[in-house]
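S.K.: For reference, the structure I am asking about is given below.
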Amino acid sequence: MTVEKNTLSLEEVAAHYAEATSKLTRRIIICCGTGCLANGAQKVHDALFSEIEKCGEKVELALQDEIGHEPFEGTYISESGCQGFCQMGPMLRIEPMGIFYCKVKPEDVPEIVKTTIVNGELVDRLLYLEPSTGQLCRNEDEIQFYARQSRVVLKNCVIEPDNIEEYIAKDGYFGARKAILEMNPEDICTKMINAGLRGRGGGGFPTGLKWKFTLASESDKKYVICNGDEGDPGAFMDRSVMEGNPHSVLEGMVIAGRAIGSDEGIVYVRAEYPLAVKRMKKAVIDAKRYGMLGEKLFGSDFNFKIRIMEGAGAFVCGEETALIASVEGKRGMPMPKPPFPAESGLWGKPTVINNVETLASIPFIMRKGAEAYRSIGTEKSPGTKTFALTGHVANTGLIEVPFGTTLREIVYNIGGGVTNNDGEVTGEDFKSVQIGGPSGGCLTAEMLDMPLDFDSLRSAGAMVGSGGLVVMNNQTCMVSVARFFMQFTQNESCGKCVPCREGTKQMLAMLDDIMEGRATAATLDLLEKTARAVQLGSLCGLGKTAPNPVLSTMRHFREEYESHVFKKICPTGECKALAWPEITANCKGCTACARKCPVGAITGKVKEMHVIDMDKCIKCGVCKEVCKFDAVIGI
């Protein structure tokens, strides 16, 4: 007899799910986050189903409708959200054997089924090879990329995101029930303050205090908004949480609604995240069906509903007042503060805005307690932080580490080390890390052992931001990096305030002058002054932080800027207009260039290839003029 699901308690749903999966022969979990899907994960998924069926074994793709029926016996193929190790996708796990295969292609499936599913043996070539030890890794625990992480928010991103029953079986919505039935709003706010959770959107404001201020605002209507408008280049943390564990976000919103006295929530997610939109919408439908959203939650007098709104992808809508304007149907532009949203937000009503990762952290705190959460991270920055690790690093992907973890641990142990431009790990190529995207700054080799938290990064002229971590090797031009982020910020400026609208445009023009050889000493001075003016005068937080990449690169790599300006040379050769003069293998060793060089920058023996000393070279071009073999390039 089929059980009416929406009448079951959380314990009953969890028990039924455990029963439905109790007789599985095995479970194959395929990473179906956006990255793996782009790499062909869906084709792997379909091929597995077809190939296992050919073997005569029962295979199932969905167990949700099996609740209330006899437990399924056979192979269960399920999808998961992003499992983090993006460059190794598509990935799949085979349980209970504990096997982790990576870079799986559809043509690998027959061998997987024959060797592993039928015979119980390993396909060695699909196992991960740990570079540090040279060992093949059977499961995640043996892979340093995973073993050195501490996953709280991402822990459940291996469950089936479209299956609310599995989320409940993993203690989902128990925190929401506790908040609604056992605590009053003041107690919830106090618990969040004691936990020390700070906003993961970049500002780091204490979440409990934000809730307390909103609770204190008197109004007949209040709102909870989830900020899923993740716009930083290279950042995909929030997208992955919404794709892989959408119910954790909804549960966090329910708890926030109870804490401030709200009965309505809105998830604002950019339309460029179609999979996140799809899974969040499905999660809302299922949560309503199971009584986690709607009226009289858990038999109480508390009502809470959630709707999904798709944003058009304006970077400025990540700023809370601009986001509110967008939700109201207006052009997304920031407003002066005060009043803050806690007093006057959406439609002039008190509003709490938290980002995806912040909300997904809340169920853990409600279930485990404030002290358990404070035991992770640092005193002033408790808990964990997700980062999108990209750039010149061996292991790219999505990671989660406790606050206080050093940059060295992330880059060299979790990330596997810095790569050169040929993709090789040499151990000597680290130059910088850009943290926090267009709002952040760069960290240098001297900061590799600095613990990463809100306060230490701020003192270093950077910020956590949304969590982008771009690793750069010593062949990267830092002026070019600053220009990349300034171009992004200038394009995304809403144009409302003059300092941001005009200041970023002028800064971009000056960076172009530096990279193209037109700059003078006055350019550097004016660039810095303009950056300070934009920082002080911009209306919103995005404008105020827009100059950070420029100021931090000028601070830590001043000599690189000066080389561009005074020597007209880009030390890395990245800026084509200021490329290094170079003598190629065409050189016959005639010594004509060495004899004519006015500053003695060229050396070499007769009939051997010559070299140019860039510390002496003035790029006069004489060497290129006298060379009969076209051996001089870059001038």
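The values are calculated or read from the model by the stated rules, or taken from the named source; none is laboratory data. Please read these numbers as outputs of a predicted model, since none were measured by experiment. In this analysis, Cβ positions are derived from the backbone assuming ideal geometry, glycine residues included, and neighbour counts consider all displayed protein chains.
S.K.: When both residues are 6+ apart or on different chains and their Cβ atoms are under 8 Å apart, which pairs have a first residue that lies in segment 178-206 and is among the β-branched types (Val, Ile, Thr), and a second that is outside any helix (DSSP H, G or I)?
M.R.: Ile180/Ser300; Ile180/Phe302; Ile193/Pro206
S.K.: Would you confirm whether any residue within segment 390-407 is out of contact with any helix residue (DSSP H, G or I) (no Cβ under 8 Å at 6 or more places or on another chain), without any contact (Cβ under 8 Å) to a residue 12 or more places away in the chain and surrounded by fewer than 24 Cβ atoms within 10 Å (Cβ to Cβ)? Explain how you work it out, then say what you get.
M.R.: So in segment 390-407, the residues out of contact with any helix residue (DSSP H, G or I) (no Cβ under 8 Å at 6 or more places or on another chain) come out as 390-392, 394, 400, 402, 404-406.
Okay, now just the ones that are also without any contact (Cβ under 8 Å) to a residue 12 or more places away in the chain, so none.
No, segment 390-407 contains no residue that is out of contact with any helix residue (DSSP H, G or I) (no Cβ under 8 Å at 6 or more places or on another chain), without any contact (Cβ under 8 Å) to a residue 12 or more places away in the chain and surrounded by fewer than 24 Cβ atoms within 10 Å (Cβ to Cβ).
S.K.: Restricted to segment 293-322, and to residues that are outside any strand (DSSP E or B), of a type in the set (A, V, I, L, M) and at pLDDT 95 or above, which residue is nearest to Ala276 (Cα to Cα)? Before the answer, list the steps.
M.R.: So the first thing to find is which residues in segment 293-322 are outside any strand (DSSP E or B), and the list is 293, 295-303, 312-322.
If we keep only those that are of a type in the set (A, V, I, L, M) too, we end up with 293, 297, 312, 314, 316, 322.
Still in the running and at pLDDT 95 or above: 293, 297.
On the way: Leu293: 19, Leu297: 25 Å.
By that ranking, first place goes to Leu293.
S.K.: Another question, then. Which one is surrounded by the most Cβ atoms within 10 Å (Cβ to Cβ), of the residues in segment 421-435 that are touching a helix residue (DSSP H, G or I) at 6+ places or on another chain (Cβ under 9 Å) and modelled with pLDDT of 85 or more? Quick ask: steps written out before the conclusion?
M.R.: Step one: of segment 421-435, the residues touching a helix residue (DSSP H, G or I) at 6+ places or on another chain (Cβ under 9 Å) are 427, 430-435.
Applying the additional criterion that residues be modelled with pLDDT of 85 or more yields 430-435.
Numbers: Phe430: 22, Lys431: 22, Ser432: 25, Val433: 29, Gln434: 31, Ile435: 26.
Residue satisfying both the conditions and the ranking: Gln434.
S.K.: A follow-up question, please. For the subset of segment 121-139 comprising residues that are touching a residue at least 40 places away in the same chain (Cβ under 8 Å) and in a loop (DSSP other than H, G, I, E, B), which member is nearest to Val356 (Cα to Cα)?
M.R.: Initial filter on segment 121-139 (touching a residue at least 40 places away in the same chain (Cβ under 8 Å)): 128, 131-132, 138-139.
Now drop any that are not in a loop (DSSP other than H, G, I, E, B), which leaves 131-132, 138-139.
On the way: Pro131: 34, Ser132: 34, Arg138: 32, Asn139: 29 Å.
Taking the candidates together, the pick is Asn139.
S.K.: Let me ask something else. Give the residue that is nearest to Ser459 (Cα to Cα), with candidates limited to residues of segment 390-438 that are part of a strand (DSSP E or B) and aliphatic (A, V, I, L, M).
M.R.: Looking at the filtered set, the residue picked out is Ile435.
S.K.: When residues of segment 467-491 are filtered for being without any contact (Cβ under 8 Å) to a residue 24 or more places away in the chain and of a type in the set (Lys, Arg), how many remain?
M.R.: Total satisfying the criteria: 0.
S.K.: Just for segment 446-455: of the residues that are outside any loop (DSSP other than H, G, I, E, B) and in contact with a Lys or Arg (Cβ under 7 Å, 6 or more places away or on another chain), which one is farthest from Phe485 (Cα to Cα)? Before you say what the answer is, go through the steps one by one.
M.R.: At the first step, the residues of segment 446-455 found to be outside any loop (DSSP other than H, G, I, E, B) are 446-447, 451, 454-455.
Narrowing the set further to residues that are in contact with a Lys or Arg (Cβ under 7 Å, 6 or more places away or on another chain) leaves 454-455.
Numbers: Phe454: 21, Asp455: 23 Å.
Filtering segment 446-455 for residues that are outside any loop (DSSP other than H, G, I, E, B) and in contact with a Lys or Arg (Cβ under 7 Å, 6 or more places away or on another chain), the one farthest from Phe485 (Cα to Cα) comes out as Asp455.
S.K.: Would you check which residues across segment 324-366 are touching a residue at least 60 places away in the same chain (Cβ under 8 Å), surrounded by fewer than 19 Cβ atoms within 10 Å (Cβ to Cβ) and in a helix (DSSP H, G or I) and list them?
M.R.: Trp347
S.K.: Would you confirm whether or not segment 542-559 contains a residue that is outside the structural domain of Gly441 (by TED's automatic domain parsing), closer than 21 Å to Pro233 by Cα and outside any helix (DSSP H, G or I)?
M.R.: yes
S.K.: Moving on. Among the listed residues Ser381, Ser375, identify the single one that is free of Cβ contacts under 8 Å to residues at least 12 places away in the same chain and farther than 27 Å from Tyr128 by Cβ.
M.R.: Details: Ser381 fails: free of Cβ contacts under 8 Å to residues at least 12 places away in the same chain.
Going through Ser381, Ser375 in turn, the sole match is Ser375.
S.K.: Looking only at segment 259-283, filter to residues that are of a type in the set (A, V, I, L, M, F, W, C) and in a helix (DSSP H, G or I); which one of those is surrounded by the most Cβ atoms within 10 Å (Cβ to Cβ)? Write out each step before concluding.
M.R.: Going residue by residue through segment 259-283, those that are of a type in the set (A, V, I, L, M, F, W, C) are 259-260, 266-267, 269, 271, 275-277, 280, 283.
Filter once more, keeping what is in a helix (DSSP H, G or I): 259-260, 275-277, 280, 283.
On the way: Ala259: 29, Ile260: 25, Leu275: 19, Ala276: 32, Val277: 20, Met280: 26, Ala283: 28.
Per the stated criteria, the residue is Ala276.
S.K.: Mind checking whether some residue in segment 93-110 is within 23 Å of Val152 (Cα to Cα), touching a residue at least 40 places away in the same chain (Cβ under 8 Å) and part of a loop (DSSP other than H, G, I, E, B)?
M.R.: yes
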